[in-house]
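Data block below; observations after.
The values are calculated or read from the model by the stated rules, or taken from the named source; none is laboratory data. Predicted model, so just to flag it, every value in this text is computed and none were measured. All Cβ positions, glycine included, derive from the backbone under ideal geometry; neighbour counts span all protein chains shown.
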Amino acid sequence: MLRPLPLTEHCADPLSRAEHVCIGVSPFNSYFTVDRIADLARWAISGFRGFHFFVPDGPSAFTLEALGYDPVRAAQKAQRQGNYTRNKIVRALRQVYPSDPHVRILDATVLETDPAYLNLLSEAHQRFATDAEFAEHCLGATGWVLDRRLPHGEHPSRDQLRSAVRYFLAELPMFVGTVAVAGVGSSVFAYHQRVAFLERLYRGELSWRPLPGQGFVVLENAVPERAE
């Protein structure tokens, strides 16, 4: 059983409105099995009027480049992993969802032509380039991602962070404005881990604020209490 926890007080209202949820599915993350994605889909269908899965497939090439892959090989590997991740989502949705599963997936192919997403992406890059404090927080979040991909004891260099931050900047529009991308009045982005950057974002501690109606929830597995 999944239990959504609002990341901050700001996130409680979009969750209670239950209009829309966008579930993040990270490529290269073994957490997202077909069975787990099916459970996530059941939870979304039962609790919200609309839902999408977000797959940052194309931008994952930036992480691979920071890890030493040349750009061509990084793009190829990201595409293969993106296909694999989408196929898992499609297989999971076909278990629980009667309509075309592809319309519920927001990936690079969909988002690269979406005006709302592109406007938010442009703003993310502009803020990164002009707001030093915001940029440092973005680099810090990027370090959290890279640390888990590097050998034990190694930490990313400044150059690696500045290369890989493009992945995080590509995700930011979904954290700030899924409401705009999905065209809904309220939405929550759902993920199974807490990220310090997002806590600052939703507490209003950064120069960029989430759009009205936008929230974030951390998904936890709630263990049912045993009857006495």
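Matching residues to (1) part of a helix (DSSP H, G or I); (2) aromatic (Phe, Trp, Tyr):
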residue	(1), (2)
ALA41	yes, no
PHE53	no, yes
ASP57	no, no
VAL90	yes, no
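Note on segment 123-144: residues that are in contact (Cβ under 8 Å) with a residue 40 or more places away in the chain and under 18 Å from GLY177 (Cα atoms) amount to 7. Name every residue in segment 66-109 that is among the aliphatic types (A, V, I, L, M) and free of Cβ contacts under 8 Å to residues at least 12 places away in the same chain, in order of residue number. If the condition is that a residue be among the aliphatic types (A, V, I, L, M) and free of Cβ contacts under 8 Å to residues at least 12 places away in the same chain, then VAL72, VAL103 are the ones that fit. State whether the residues of segment 68-88 include one that is over 21 Å from ARG148 (Cα atoms), of a type in the set (Lys, Arg) and not in a helix (DSSP H, G or I). Among the residues of segment 68-88, not one is over 21 Å from ARG148 (Cα atoms), of a type in the set (Lys, Arg) and not in a helix (DSSP H, G or I), which makes the answer no. Being part of a loop (DSSP other than H, G, I, E, B), more than 14 Å from PRO59 (Cα to Cα) and of a type in the set (A, V, I, L, M): is that true of LEU139 here? So LEU139 does not fit the description; no. Every test in (1) more than 19 Å from VAL176 (Cα to Cα); (2) surrounded by 15 or more Cβ atoms within 10 Å (Cβ to Cβ); (3) at pLDDT below 95 is passed by HIS10 save one, and that test is (1).
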